[in-house]
Every structure is written in C-alpha cells, then in structure tokens.
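To start, the structure itself, in structure tokens.
The values are calculated or read from the model by the stated rules, or taken from the named source; none is laboratory data. Just so it is clear, the structure is predicted and the values come from calculations on it, not from any experiment. For neighbour counting, all protein chains shown are included, and Cβ atoms are generated from backbone atoms with ideal geometry for every residue, glycine included. Side chains are part of the model used for accessible areas, which takes the heavy atoms of the whole protein and leaves out ligands, DNA and RNA. Shrake-Rupley method; radii C 1.70, N 1.55, O 1.52, S 1.80 Å.
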Amino acid sequence: MISLNITRQQLLVLLSILTLTGCSSSPMQSEPEQAPNVTKPSARDMSQNKTGGGAPKAGNNGGYYKDDGPGENTPNIDAIPNAIPKAEVPLARANKPYKALGQSYTPMTEYKPYKASGTASWYGRRYHGQKTASGEVYDMYAMTAAHTILPLTSYATVTNPANGKSVIVRINDRGPFLHDRLIDLSYAAAYKLGLVAKGSGFVEVEAIDTSASAMLKMPVTLQASTVLGATQVPAASENSAVNNTQQASLTPKPGIYLQAGAFKSRENADKLSQKITQQNLDLNVTMQTWYNAGTYRVWLGPFASKQDALTAAPTLKPITGNLPITVTQP
C-alpha cells in the first residue's frame, strides 16, 4: 500500500490546475456583431432561429422566424387600411451609417427615387410590442416594414407581381441584413400580399415622395383606396384603383360614385375611411380619398349604374350619419 502525504497547500494547487484544464476545453464564444443605431432588426437577422431561407417550417405558419406567426387574437386583417403617406422629417439618429453582419450601410436622409426588386420576408408575434430602429413599438398588424437604407421614417409601395397585389407600408425599422433579402414586412403587410404561407416571396419596392413640396402638389387620390368586397386588389394599370404613386396625381376615373363625406381636414377624411373599412361592406367597389378645391372627399365607386349606387347608399347611412350623395365623374 502506497502512502500519499499531500499537504493542504499542495491539494489546493492541484485542484486549481484541474479547474483550468476543464475550462480550456470549452472556449468562450464571441457575441455576434451588433449593428449601431439598429435595435430589433439586428437581433432578428442575427438570430440562430431562422427557418432557413424563409421556407415554411412545421408549426410556424410559414413565418420566416422559428415559432413566429399570427397572434392568438388576430383582427380582421382584410379591413386594415394601407399606411397613408404624409410628409415626415427623417430621424437623424436613426439614419446614420452603420454596420451589420460585416456589411456597411448608408441610409438615405431624404427622399430619392428608389425602385428595386427582391425577396421579402416577414416578422410577426415574436417581435410584436418590441421597439423598432425608429424607436416606435412594432405592431405586427400595422402596415409597416423594415429596410436597410430607406429613410426612417418613410413610405414605400410594395407589389407582389405574382398576384398583382399592392400595399403601402411605412418604413420604421431596419433590416433584413441577409444578402438575399430586400425588405422585411409586418405580418399584416405580408398577409395582404399573399406571402404569409410561403414565409417569403419576390416583390417590387418603390419609395414614395412625401416631401412637403410633393405632398402639396399631390391630390390625395387613391392614397387611402380600399377595395370593399373584392377578393383581392386588382393589378396596377392605368385604369386600376390601386395604391400607386404615379396614379396618385390622377382624379378618379369616369363613373358613378357615392360621396360618403367631404372634409376640410384630411384627418377627418381618414377617420371616416377607416370607419367604413372596418364594417367589411360587400360592395365590390373601391373607396378612395382625393383632394379637390380645398376639400378632402371620400368616394366609393365606380358603380355599374346609378341605380346600383342608390341601392348601396342606405348601407352607408348608419356609418356616416347621412345618406351619401350620388356623384357623376365625367
């Protein structure tokens, strides 16, 4: 039998050596690179929980991020109106040059013509209620989006060429930073474009000029247009009533309309438009707000005939408080 005579001091030294040896087998992992001036978008895109290329994953309802999807109390998304462009001053603190995932970005600090095509992804309940790069709280049911360089905040038209659907979103967040992603949409915007089930899809993005001078020249035509009772927004064309920056300077096309209200305040016109949209009326016509002679007018139409317009008018009276008047647009 061998006798071991180890002093207390020698024992402590031996234990210290064993502890250091054990730690060396598990080196510390560095934190992922964080993008300055970027809050939640950087966390989204540097997350290790993506489903992979935006492909649907079982149980996540097609969300780009693992375990993402709609909330438990999902509202009627079809009734959610598009973002309404308005003149805003870009946020200086949110439009500084920054880096993310080793890539440098220089955001626009004012409106410049921008049009690009690429892949759109979306984010939902996983980030609902958290702050965006603009400092606003992310609402998955608002018509918003994240972009790498468009000004915060600004507006853009996003179109899905596969089905002709088009929406207007407010850019209030940064991302996505993966090289194969162009824009990250809110759940509501992706739903309206028909991208929720896929998790991602090809889109066209065009910035909207909301400078004070541009807004003064631009009638409000079609900025708040909503198709009431139709299965989808028609594809953009010279005659279609969709949200389109180039059509926004046009007056409504000829036909019979119902004027639901006329206001000196654009805010009041917008409130009435939203109130009508929330009723889910099955009229299969377009509601649009346009500006003429110092007045913001909320019109529904065009109807196939004057009789069709007169038949639909009583359905609007409980909402507007008055029977809408019939207007003929030459």
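Annotations for the structure displayed:
- Amide H contacts of Gly175 (H built 1.01 Å from N, under 5 Å, at least 5 apart or other chain): His147, Thr148
- Listed residue pairs exceeding 20 Å between alpha carbons, taken from Lys198/Lys275; Lys131/Lys198; Lys115/Lys165; Lys112/Lys192: Lys198/Lys275; Lys131/Lys198; Lys112/Lys192
- Note on surface exposure: Ser273, Ser104 rank Ser104, Ser273 by accessible area, highest first, 1.4 Å probe.
- Karplus-derived 3J(HN,Hα), 6.51/-1.76/1.60, for each residue of region 196-211, Hz, glycine and proline x: 4, 5, 7, x, 7, x, 6, 9, 10, 10, 9, 5, 10, 6, 10, 4
- Gyration tensor (alpha-carbon) shape descriptor, region 251-291, a/c threshold 1.5: oblate
- Exposure ranking of Leu152, Leu101 by accessible area [1.4 Å probe, largest first]: Leu101, Leu152
- Lys306 accessible area, 1.4 Å probe, all protein chains in place, Å² to nearest 10: 120
- With both labels modelled 7 Å from their Cα along Cα-to-Cβ, the Ala162 to Leu310 distance reads 4.6 nm.
- By a 1.4 Å probe calculation restricted to protein chains, Leu283 has an accessible surface near 40 Å², given to the nearest 10.
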